[in-house]
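Below is one structure; the comments refer to it alone.
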Amino acid sequence: TFNLWHGGDAGKRPLSDTLRVLQRVDPDAVCFQEVQGLAADQPDNAARLARELGWNYVALSGRRGIATRHTIVERAKDSIVIGLSSGRTVRVACVHLPAAPYQPYQLARIPYEGGRFLTTAEEAVAAARAARGDQVSSLLIGLESALDNEEPLIVGGDFNEPSHLDWTQAAVARGWYPFPVAWPTSSTLAQAGLVDTWRALHPNPVEWPGLTWTPTTRPDDPNDRHDRIDWLLHAGSGVRPVRIRVVGE
């Protein structure tokens with residue numbers, strides 16, 4: 001999963017840097033978010049990257065897209081099905097949930113997009129559910145058949161919310177968070193049968209924080225809050241995680 005950050009414009013890095021990351025990692029499929037730039041009528045830079053790689057590409061609504069080196073055998077609202085050389089198929093879904101209001105900033109009293117400050121875990125859960133709950137429900141409706149049939153499934157994206165597996169008492173004891181929070185998006189997806197791949201392989205959030213937001217400030221910056229908000233999830237028959245990494249430019 002790769003958020004291009006406004007098509008690459010916000011990071012002020014050439015798209016060739018992202019292309020080199022993809023060539024180095026050599027993935028089978030990539031879930032892209034924020035595929036277009038900041039200006040009006042910007043091109044889909046994920047589509048451009050797919051062309052450079054010689055891959056197939058499907059644009060999704062909400063400035064998302066999925067690229068793959070494999071054959072695309074089915075398209076849906078939030079996902080595609082790719083055919084592997086082994087003859088098996090895998091459904092790949094791409095997610096980008098709303099970024100604001102952003103509850104970690106609200107709890108840390110960091111002004112962001114007009115979000116009101118919060119003081120309790122209960123307030124954070126309620127605000128997160130109000131911000132993203134409808135989109136999470138829509139995603140699960142679209143994946144219901146795949147989950148019921150134990151179809152091999154990978155879900156990747158920018159969820160713009162921390163995980164309940166990260167905001168634990170152990171992480172609080174390290175001074176990272178003010179208190180444990182049972183974040184609703186990750187909790188709901190786990191209850192639906194989707195496994196957090198990072199935490200499946202790295203269950204200790206203190207040893208393996210897996211931070212993805214933000215690369216623009218130091219993790220100990222007192223004026224920011226760093227978190228793992230970009231996830232890969234998996235489910236289905238025969239899907240077994242082997243390795244997961246945080247990569248980037």
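Residue pairs, Cβ under 7 Å, 6 or more apart or interchain, first in the range 218-233 and in a loop (DSSP other than H, G, I, E, B), second modelled with pLDDT of 95 or more and among the acidic types (D, E). List them.
Listed pairs, sorted by first residue: R228/D166; I229/D158; I229/E161.
Give me the pairs, please: first residue somewhere in the range 65-89 and over 20 Å from G238 (Cα atoms) and assigned to a loop (DSSP other than H, G, I, E, B), second residue anywhere and of a type in the set (K, R) and open to solvent by less than 90 Å² (accessible area, probe 1.4 Å), beta-carbon distance under 9 Å, and either six or more positions apart or on two chains.
A76/R91; D78/R64
May I ask you to say which residue of R240, R228 is in contact with a helix residue (DSSP H, G or I) (Cβ under 9 Å, 6 or more places away or on another chain), of a type in the set (D, E, K, R) and within 30 Å of R75 (Cα to Cα)?
R228
Quick check: is even one residue across the range 45-58 closer than 20 Å to T216 by Cα and either open to solvent by less than 60 Å² (accessible area, probe 1.4 Å) or among the β-branched types (V, I, T) (or both)?
There is no residue in the range 45-58 that is closer than 20 Å to T216 by Cα and either open to solvent by less than 60 Å² (accessible area, probe 1.4 Å) or among the β-branched types (V, I, T) (or both).
Applying the selection to the range 133-166, what residues are in a helix (DSSP H, G or I), touching a residue at least 60 places away in the same chain (Cβ under 8 Å) and more than 12 Å from K77 (Cβ to Cβ)?
Those that are in a helix (DSSP H, G or I), touching a residue at least 60 places away in the same chain (Cβ under 8 Å) and more than 12 Å from K77 (Cβ to Cβ): A146, L147.
Would you pick out the residues in the range 141-164 that are surrounded by 17 or more Cβ atoms within 10 Å (Cβ to Cβ), farther than 16 Å from W213 by Cβ and of a type outside the set (D, E)?
If the condition is that a residue be surrounded by 17 or more Cβ atoms within 10 Å (Cβ to Cβ), farther than 16 Å from W213 by Cβ and of a type outside the set (D, E), then L143, A146, P152, L153, I154, V155, H164 are the ones that fit.
Quick one: would you say Q42 is of a type outside the set (A, V, I, L, M) and open to solvent by less than 70 Å² (accessible area, probe 1.4 Å)?
It is true that Q42 is of a type outside the set (A, V, I, L, M) and open to solvent by less than 70 Å² (accessible area, probe 1.4 Å).
Has the range 103-124 got at least one residue that is of a type in the set (V, I, T), under 26 Å from G62 (Cβ atoms) and assigned to a loop (DSSP other than H, G, I, E, B)?
Going through the range 103-124, the residues of a type in the set (V, I, T) turn out to be 110, 119-120.
If we keep only those that are under 26 Å from G62 (Cβ atoms) too, we end up with 110.
Of the ones still in play, those that are also assigned to a loop (DSSP other than H, G, I, E, B) are 110.
Scanning the range 103-124, I find at least one residue that is of a type in the set (V, I, T), under 26 Å from G62 (Cβ atoms) and assigned to a loop (DSSP other than H, G, I, E, B), so the answer is yes.
Would the range 148-166 turn up any residue that is of a type in the set (G, A, S) and at pLDDT below 95?
no
Residue under question is V95, and the condition is that it be open to solvent by 40 Å² or more (accessible area, probe 1.4 Å), within 25 Å of F2 (Cβ to Cβ), of a type in the set (V, I, T) and in contact with a strand residue (DSSP E or B) (Cβ under 9 Å, 6 or more places away or on another chain); does it hold?
no
Quickly run through the range 221-248 and pick out the residues that are open to solvent by less than 60 Å² (accessible area, probe 1.4 Å), touching a Lys or Arg at 6+ places or on another chain (Cβ under 9 Å) and modelled with pLDDT under 95.
The one that is open to solvent by less than 60 Å² (accessible area, probe 1.4 Å), touching a Lys or Arg at 6+ places or on another chain (Cβ under 9 Å) and modelled with pLDDT under 95: D224.
Which condition number in (1) part of a helix (DSSP H, G or I); (2) closer than 18 Å to A127 by Cα; (3) not hydroxyl-bearing (S, T, Y) is the one that P178 fails?
Every condition holds for P178 apart from (1).
Among the numbered criteria (1) under 18 Å from the mean Cα position of the chain (by Cα); (2) open to solvent by 60 Å² or more (accessible area, probe 1.4 Å), which one does L194 miss?
(2)
The values are calculated or read from the model by the stated rules, or taken from the named source; none is laboratory data. No experiment lies behind these values; they were computed from the predicted model shown. Cβ atoms come from the backbone with ideal geometry, glycine included; neighbour counts cover every protein chain shown. Keep in mind that these areas ignore ligands, DNA and RNA; they rest on the heavy atoms of the full protein, side chains included. Shrake-Rupley method; radii C 1.70, N 1.55, O 1.52, S 1.80 Å.
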